[in-house]
Amino acid sequence: MNIILASGSPRRREMLATAQLEFTIMSVDIDETPYDDESPTDYIQRMVATKAIAAITKLNEEYKNSLSTPCTLSPPVNTPFIILTADTIGVLSDGKTVLVKPTDRNHAYSMWQQMSDNTHQVWTAVQATQVILTPIDTSSDNDHVSNADTMALQIVWQQQIIERTDVTFIPLTSGMMASYWDSGEPADKAGGYGIQGLAAAWVTRINGSYTNVVGLPLSQTLALINHATKVNNAIEP
Ligand SMILES: Cc1cn([C@H]2C[C@H](O)[C@@H](COP(=O)(O)OP(=O)(O)OP(=O)(O)O)O2)c(=O)[nH]c1=O
């Protein structure tokens with residue numbers, strides 16, 4: 001089954017590619033502001049659902065304009081495919097304080113000070129959304145509408161998984177934080193660190209999936225894709 005990874009994260013691409021799956025990439029932009037009193041897990045589950053809707057909206061736009069612009073993926077009509085979305089955050093040991101991408105050096109320092117000599121959680125949610133491209137209702141007076149204008153994606157099935165890994169850091173000195181910030185690595189990562197990069201030296205222990213920390217719990221995601229494929233076989237006549 002065709003897969004679209006709706007993510008701008010290079011780590012997610014690399015990990016999915018290691019599974020030797022064929023997939024297409026697109027990126028989506030959404031508002032990532034948490035709601036007041038939203039729990040960390042509610043937040044990431046909402047994020048993956050919102051990213052999926054943003055991907056569907058963007059693809060529908062592409063299908064509408066497909067006579068003039070190329071599409072990310074042009075599946076045959078009524079052939080299902082999967083849109084994968086993911087979201088990763090850190091959470092302090094209080095279970096409430098969320099660690100997101102640092103907005104600046106001070107923000108990163110304040111997160112790292114709280115993670116220093118302590119264990120935090122990393123949570124990733126992944127959503128598989130199965131969609132099909134179908135002709136939309138043109139029963140009114142749509143004689144002049146071109147074929148591309150009459151196609152839209154419909155959701156046929158969706159499921160989320162959520163995964164937690166506990167990560168323990170060594171005591172961090174201000175010198176360590178300063179040189180790590182200057183490396184440029186922290187900027188685009190939840191909690192302002194990459195376990196797969198220089199921050200590996202900060203980690204004494206992890207409990208749970210390593211790939212979950214890097215942004216895509218791989219074996220669990222592959223099981224989800226597998227499940228989606230079986231569901232599809234069951235749906236198809
Ligand atoms: C904790 C940690 C996070 N990260 C990354 C994974 C994610 O890319 C990022 C968390 O941000 P996300 O908002 O989950 O993802 P993203 O903005 O990078 O990509 P998209 O929304 O387009 O899918 O942090 C690491 O690479 N290593 C780590 O050790």
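Read the figures in this text as sums done on the coordinates, not as results from a lab. What you are looking at is a predicted structure, and each value in this text was computed from that prediction instead of being measured. Here the Cβ positions follow ideal geometry from the backbone for every residue, glycine too, while neighbour counts run over all protein chains shown.
Compared with the dominant principal axis of the Cα atoms in the chain, helix 40-64 is inclined by about 40°.
With a cut-off of 14 Å between beta carbons, the residues surrounding Met115 carry a summed charge of -1, where Lys and Arg count +1 and Asp and Glu -1. Cross-link check: pairs Lys58/Lys230; Lys58/Lys189; Lys58/Lys96 evaluated at a Cα-Cα cut-off of 31 Å; pairs beyond the cut-off: Lys58/Lys96.
Exposure proxy for Glu38, Glu62: other Cβ atoms within 10 Å of each Cβ, ordered fewest to most, give Glu38, Glu62.
The magnitude of the dipole of segment 2-235, with charges of +1 and -1 set on the Cβ of Lys/Arg and Asp/Glu and taken from the Cα centre, is near 700 debye.
Below 14 angstrom from the Cβ of Ala49, what's the summed charge of the other residues (Lys, Arg +1; Asp, Glu -1)? Net charge around Ala49: -3. When the helices of the chain are scored as -39500 (n - 2.57) per DSSP H run of n ≥ 4 and the total is divided over every residue, the value at 222 nm lands at -10500 deg cm²/dmol.
Ordering Val156, Met111, Tyr180 by the projection of their Cα atoms onto the charge dipole of segment 2-235, which places +1 on the Cβ of Lys and Arg and -1 on the Cβ of Asp and Glu, puts Tyr180 at the extreme positive end. All other residues whose Cβ lies under 15 angstrom from that of Val203 are scored, Lys and Arg at +1 and Asp and Glu at -1, for a net of -1. Ordering Ser209, Ser219 from the fewest to the most neighbouring beta carbons within 10 Å gives Ser219, Ser209. When the chain is described by a simple charge dipole with +1 on each Lys and Arg Cβ and -1 on each Asp and Glu Cβ, the residue from Thr69, Ala199, Ala223 located farthest towards its positive end is Ala199. Residues Asp182, Asp188, Asp87, arranged from fewest to most other Cβ atoms within 10 angstrom of their Cβ, appear as Asp182, Asp188, Asp87.
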